[in-house]
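Novice: First, the structure itself, so that you have it in front of you.
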Amino acid sequence: MKIRLENKTDYAAVHDVNLAAFGSEDEANLVTRLRQQAQSYVSLVAEEKGVVIGHIMFSGAHLSADPKRCVMALAPMAVLPEFQQRGIGSSLVKSGLEHCENQGYGAIFVLGHAQYYPRFGFKPADSFSIDSVYEVPAGVFMALELTPGALEGMAGRMFYHEAFDAL
Ligand SMILES: CC(C)(COP(=O)(O)OP(=O)(O)OC[C@H]1O[C@@H](n2cnc3c(N)ncnc32)[C@H](O)[C@@H]1OP(=O)(O)O)[C@@H](O)C(=O)NCCC(=O)NCCS
């Protein structure tokens, strides 16, 4: 299994992976919108024997405390059901964080499973006094500083790219 940057020939397979993992077109369509509309994004695939079996996307997001600063939001992430629970999702997250760090992003946000993302270093975003526009249970909106201190003094709200509005 290898993780690599998505290319145009992967688009149909990435659509199918998201559809199979989520059971709806919503996330697959979000990926399409982000490719078309987001100024910055990272889209990676997990490939085994030439077949795309997983996908992860990060897109530029903004903080109310400093609208010029671009941070990244992790979403969506999907692994084909028959390949789940084998560490592929974790490999996608780790590789994605490296790509974001190499591109100079200081922080990543995610809305997701509170037992899963802390293993990569994510902490509840409220520990940085940052909330999201979505009303979610405490602990599921999380943040990770790739650059230590990147979120200091950034109290306020994080805004996803507007492509998320239609989700
Ligand atoms: C989330 C997902 C990508 C993880 O992929 P994966 O290859 O199975 O991940 P890994 O094998 O690295 O890790 C599996 C772990 O993630 C946990 N996990 C991750 N997301 C979870 C979720 N939404 N609900 C419950 N458990 C979740 C599993 O319980 C498991 O925990 P364990 O290691 O303690 O047993 C995959 O389960 C998936 O495609 N789910 C459907 C789509 C989805 O919910 N995406 C996330 C929201 S964007």
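The values are calculated or read from the model by the stated rules, or taken from the named source; none is laboratory data. As the structure is a prediction and not an experimental result, all values here were calculated from the model. All Cβ positions, glycine included, derive from the backbone under ideal geometry; neighbour counts span all protein chains shown.
Novice: Quick one: what pairs do we get from the range 20-42, first residue at pLDDT below 95, second crowded, with 21+ Cβ neighbours inside 10 Å and assigned to a helix (DSSP H, G or I), C-beta under 6 Å, 6+ apart or different chains?
Specialist: That search, which allows pairs on different chains as well, returns nothing.
Novice: As an exercise: evaluate residue 85 against (1) of a type outside the set (D, E, K, R); (2) within 16 Å of the ligand (Cβ to nearest atom); (3) within 13 Å of the chain's Cα centre (by Cα); (4) within 21 Å of residue 2 (Cβ to Cβ) and give the number of the one condition it does not meet.
Specialist: Evaluating residue 85 over (1) of a type outside the set (D, E, K, R); (2) within 16 Å of the ligand (Cβ to nearest atom); (3) within 13 Å of the chain's Cα centre (by Cα); (4) within 21 Å of residue 2 (Cβ to Cβ) leaves (3) as the failure.
Novice: How many residues does the range 46-80 contain that are part of a strand (DSSP E or B), in contact with a Phe, Trp or Tyr (Cβ under 9 Å, 6 or more places away or on another chain) and either away from the ligand (no atom under 16 Å from the Cβ) or of a type in the set (Lys, Arg) (or both)? Walk me through it before giving the result.
Specialist: Residues of the range 46-80 part of a strand (DSSP E or B): 46-48, 51-63, 66-79.
From what is left, the residues that are in contact with a Phe, Trp or Tyr (Cβ under 9 Å, 6 or more places away or on another chain) are 46, 48, 53-54, 57-63, 67, 70-76, 78.
Filter once more, keeping what is either away from the ligand (no atom under 16 Å from the Cβ) or of a type in the set (Lys, Arg) (or both): 60, 62-63, 67, 70-71.
Residues flagged as part of a strand (DSSP E or B), in contact with a Phe, Trp or Tyr (Cβ under 9 Å, 6 or more places away or on another chain) and either away from the ligand (no atom under 16 Å from the Cβ) or of a type in the set (Lys, Arg) (or both) within the range 46-80 amount to 6.
Novice: If you go through the range 53-67, how many residues are over 26 Å from residue 6 (Cβ atoms), touching a residue at least 60 places away in the same chain (Cβ under 8 Å) and surrounded by fewer than 21 Cβ atoms within 10 Å (Cβ to Cβ)?
Specialist: 3
Novice: So, in the range 97-117, of the ones that are assigned to a helix (DSSP H, G or I) and out of contact with any helix residue (DSSP H, G or I) (no Cβ under 7 Å at 6 or more places or on another chain), which residue ends up farthest from residue 73 (Cα to Cα)? Step through it out loud before you land on a result.
Specialist: As a first pass, look at the range 97-117 and keep what is assigned to a helix (DSSP H, G or I): 97-102, 117.
Keeping just the survivors that are out of contact with any helix residue (DSSP H, G or I) (no Cβ under 7 Å at 6 or more places or on another chain) gives 98-102, 117.
Numbers: 98: 14, 99: 13, 100: 10, 101: 13, 102: 15, 117: 13 Å.
Ranking the qualifying residues of the range 97-117, first place goes to 102.
Novice: Surrounded by 15 or more Cβ atoms within 10 Å (Cβ to Cβ), among the β-branched types (Val, Ile, Thr) and more than 9 Å from the ligand (Cβ to nearest atom) - does that describe any residue in the range 95-115?
Specialist: yes
Novice: Based on what the data block shows, is residue 31 within 20 Å of residue 3 (Cα to Cα) and not in a strand (DSSP E or B)?
Specialist: On the way: within 20 Å of residue 3 (Cα to Cα): yes; not in a strand (DSSP E or B): yes.
For residue 31, the condition - within 20 Å of residue 3 (Cα to Cα) and not in a strand (DSSP E or B) - is met.
For (1) of a type outside the set (A, V, I, L, M, F, W, C); (2) in contact with a strand residue (DSSP E or B) (Cβ under 6 Å, 6 or more places away or on another chain), each residue gets a yes or a no:
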| position | (1), (2) |
| --- | --- |
| 7 | yes, no |
| 13 | no, yes |
| 27 | yes, yes |
| 33 | yes, no |
| 38 | no, yes |
| 47 | yes, yes |
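Novice: Looking only at the range 118-133, which residues are more than 13 Å from the ligand (Cβ to nearest atom), touching a strand residue (DSSP E or B) at 6+ places or on another chain (Cβ under 7 Å) and assigned to a loop (DSSP other than H, G, I, E, B)?
Specialist: Step one: filter the range 118-133 for residues more than 13 Å from the ligand (Cβ to nearest atom), giving 121, 123-133.
Now drop any that are not touching a strand residue (DSSP E or B) at 6+ places or on another chain (Cβ under 7 Å), which leaves 121, 123-125, 128, 130-133.
Once the filter is applied, which keeps residues that are more than 13 Å from the ligand (Cβ to nearest atom), touching a strand residue (DSSP E or B) at 6+ places or on another chain (Cβ under 7 Å) and assigned to a loop (DSSP other than H, G, I, E, B), the range 118-133 yields 121, 133.
Novice: Among the residues that make up the range 10-23, is at least one of them part of a loop (DSSP other than H, G, I, E, B), within 16 Å of the ligand (Cβ to nearest atom) and over 29 Å from residue 153 (Cβ atoms)?
Specialist: Yes, because at least one residue in the range 10-23 is part of a loop (DSSP other than H, G, I, E, B), within 16 Å of the ligand (Cβ to nearest atom) and over 29 Å from residue 153 (Cβ atoms).
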